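The values are calculated or read from the model by the stated rules, or taken from the named source; none is laboratory data. Model, not experiment: these values are computed from the prediction. Cβ placement follows ideal geometry from the backbone for every residue including glycine, while neighbour counts extend to all protein chains displayed. Surface accessibility is based on the protein's heavy atoms, side chains included, excluding ligands, DNA and RNA. Shrake-Rupley method; radii C 1.70, N 1.55, O 1.52, S 1.80 Å.
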Amino acid sequence: MTHLPTLLDDHDLAGAMEWLETQPAYSIADELARMDAVNSVVSFRLLDKDRALEVFEELDPVDQQQILESLRDQPFRDLVEGMDPDDRARMLGEVPAKVARRVLAGLSAHERQMTAALLGYPEGSVGRYMTPETVALQQNLTVAEALEVVRRRGAAAETIYTLPVVDTGRRLTGIVELRELVLGDPNSQVSQLVETEPQRARATDPAEQAARLMRETNVLNLPVVDSEDRLVGLLTIDDAVEVIEAADTEDVARQSGAEPLERHYMSASVFQLSRARALWLMLLLVAATLTVSVTQAFEGELETVTQLALFIPLLIGTGGNAGAQAATTAVRALAVGEVRTSDLLKVIWRECRTGLLLGLMLAVVGFGVGAVFVGLEIAAVVAVTLVIICAWAATVGGTMPLLAKKVRIDPAVVSAPMVTTLVDATGLIIYFTTAKLILGI
């Protein structure tokens, strides 16, 4: 099948419309995100009203803004009015103030009120991602009465599969699944089917924390409450997946020494790609001057035993790799909750022993290589250095993310390139100090 950009380049609008009619919303959104602004807007305008809304909610905020800026008043109002409140709130949190004001002005009073309530929660919190459109049941209903409530109010809710149960003060007392109501005795009480101690999240909790809780507990929807345990919404599984994906994307970018892209990779310009990477490369370049300074400080030792220079790339490369492995493992363990900041001493002890074991294995190889090329004395220096560097690198790499977390810095910022640069400089100090002790220079 011909791709959408090709059809647009050939000015085949009929073919483009046929393509759009046969593709799922997520595929269309992906194609729009890949294209330039003009083709993206042209393609979006070929969609009918209901289909356009479905595709629009699949787009990232930066692409949504691009579409909105091209629409006139009535299509604009229809689009923003039809969005789910949580999707609309997330979009408004990222678009310029001018666009946000236009969106809010185009909403009905009810939709504006719901959107404003969500925007009142901190950025990145569960409140920004939850849906306030829920069907809550009173605990004194019968199953038949509860099902009637679902039929009457379910069309306006984003999901009806998980039904929060509340008391007269709207405080959450439990949840019941729709499946339980459908299969239950119509005359029995909802209170007999309710799960009275469900997992829940505060609206001000970090969204990533709540999303990972959903993954660990295998729930489709997570009740969200305020500080007094009153129900304010549900975090749905589709939003939870988006939260985890966004968090993981950000972590991967920062672990590689770059800023996460704000838009689809294929639609990002070369300048945008360069800007995302330039700052970190500059910082790492400045940090790498430590390595130059250390080499200069031990210039006399290098002049005395020039063969020491042969193993500098091997040693700092090995140390950097060992530190990067430990840092990546620690960041991931923190992200999925396997490690807490209170485990700092345990992590130090584990990584130190791991590094020593790795160093001993590598030292055997390093000693053999050194003995063949430069003699036993320098081979011994290389072997001992490998043991110390690996232990040091693993300890630094494993503990720096935890220390960052402890002082409220994103652990991913303490990325593998940062750890590698630090270990390079300190590894040289270890190498030359070991050489001085063993060779007596």
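Look at the stretch 318-346 and say how many of its residues are farther than 21 Å from Glu216 by Cβ and open to solvent by less than 40 Å² (accessible area, probe 1.4 Å).
Here the count works out to 9.
Give all pairs with beta carbons closer than 8 Å in which a residue from the stretch 151-180 that is assigned to a helix (DSSP H, G or I) meets a residue that is open to solvent by less than 40 Å² (accessible area, probe 1.4 Å) and not acidic (Asp, Glu); count only pairs at least 6 apart in sequence or on separate chains.
From residues that are assigned to a helix (DSSP H, G or I), the pairs are Arg153/Val135; Gly154/Val135; Leu178/Val150; Leu178/Thr162; Leu178/Leu163.
Looking for something among the basic types (Lys, Arg) and surrounded by fewer than 15 Cβ atoms within 10 Å (Cβ to Cβ) - is there at least one such residue anywhere in the stretch 386-405?
Within the stretch 386-405 (the criterion being among the basic types (Lys, Arg) and surrounded by fewer than 15 Cβ atoms within 10 Å (Cβ to Cβ)), the answer is no, since none of the residues qualifies.
Pull out all pairs, ordered by first then second residue, where Cβ-Cβ is under 8 Å, the residues are six or more apart or on different chains, the first lies in the stretch 423-441 and is in contact (Cβ under 8 Å) with a residue 60 or more places away in the chain and within 18 Å of Leu310 (Cβ to Cβ), and the second is charged (D, E, K, R) and open to solvent by less than 60 Å² (accessible area, probe 1.4 Å).
Phe432/Glu301; Ala435/Glu301; Lys436/Glu301; Ile441/Glu301
Got a sec? Which helices (runs of 4 or more DSSP H) wholly within the stretch 1-55 have at least 1 residues that are without any contact (Cβ under 8 Å) to a residue 40 or more places away in the chain and within 28 Å of the chain's Cα centre (by Cα)?
It comes to 25-34, 37-45.
Only one of (1) of a type outside the set (Asp, Glu); (2) in a helix (DSSP H, G or I); (3) closer than 23 Å to Arg350 by Cβ is not met by Ile438, so which one is it?
(3)
Can you name every residue in the stretch 85-132 that is under 25 Å from Arg152 (Cβ atoms), touching a residue at least 60 places away in the same chain (Cβ under 8 Å) and assigned to a loop (DSSP other than H, G, I, E, B)?
Once the filter is applied, which keeps residues that are under 25 Å from Arg152 (Cβ atoms), touching a residue at least 60 places away in the same chain (Cβ under 8 Å) and assigned to a loop (DSSP other than H, G, I, E, B), the stretch 85-132 yields Met130, Pro132.
Conditions (1) part of a helix (DSSP H, G or I); (2) of a type outside the set (A, V, I, L, M, F, W, C); (3) at pLDDT 90 or above; (4) at positive phi, marked per residue:
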site	(1), (2), (3), (4)
Val339	no, no, no, no
Arg350	yes, yes, yes, no
Arg353	yes, yes, yes, no
Leu360	yes, no, yes, no
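Can you name every residue in the stretch 305-346 that is closer than 24 Å to Leu386 by Cα and polar (S, T, N, Q)?
Within the stretch 305-346, Thr306, Gln307, Thr318, Asn321, Gln325, Thr328, Thr329 meet the criteria.
Hey, any hits in the stretch 374-383 for a residue that's charged (D, E, K, R), open to solvent by less than 70 Å² (accessible area, probe 1.4 Å), assigned to a helix (DSSP H, G or I) and farther than 21 Å from Ala335 by Cα?
For the stretch 374-383, residues charged (D, E, K, R), open to solvent by less than 70 Å² (accessible area, probe 1.4 Å), assigned to a helix (DSSP H, G or I) and farther than 21 Å from Ala335 by Cα: absent.
Within the group Val190, Val182, Val270, Val232, which residue is of a type in the set (A, V, I, L, M, F, W, C), open to solvent by 30 Å² or more (accessible area, probe 1.4 Å) and modelled with pLDDT under 90?
When all the criteria are applied, what remains is Val270.
I'd like the full set of residues that are touching a Lys or Arg at 6+ places or on another chain (Cβ under 9 Å) and modelled with pLDDT under 90, limited to the stretch 109-127.
Glu111, Met114, Thr115, Leu118, Leu119, Tyr121, Pro122
Condition check: modelled with pLDDT of 85 or more, more than 18 Å from Thr341 (Cβ to Cβ), in contact with a Gly (Cβ under 8 Å, 6 or more places away or on another chain) and of a type in the set (A, V, I, L, M). Does Ala394 satisfy that?
When the stated conditions are applied, Ala394 passes them.
List every residue pair whose Cβ atoms sit under 6 Å apart, with the two residues 6 or more apart in sequence or on different chains, where the first one lies in the stretch 217-229 and is surrounded by fewer than 14 Cβ atoms within 10 Å (Cβ to Cβ) and the second, anywhere, is part of a loop (DSSP other than H, G, I, E, B).
Qualifying pairs under 6 Å: Thr217/Gln199.
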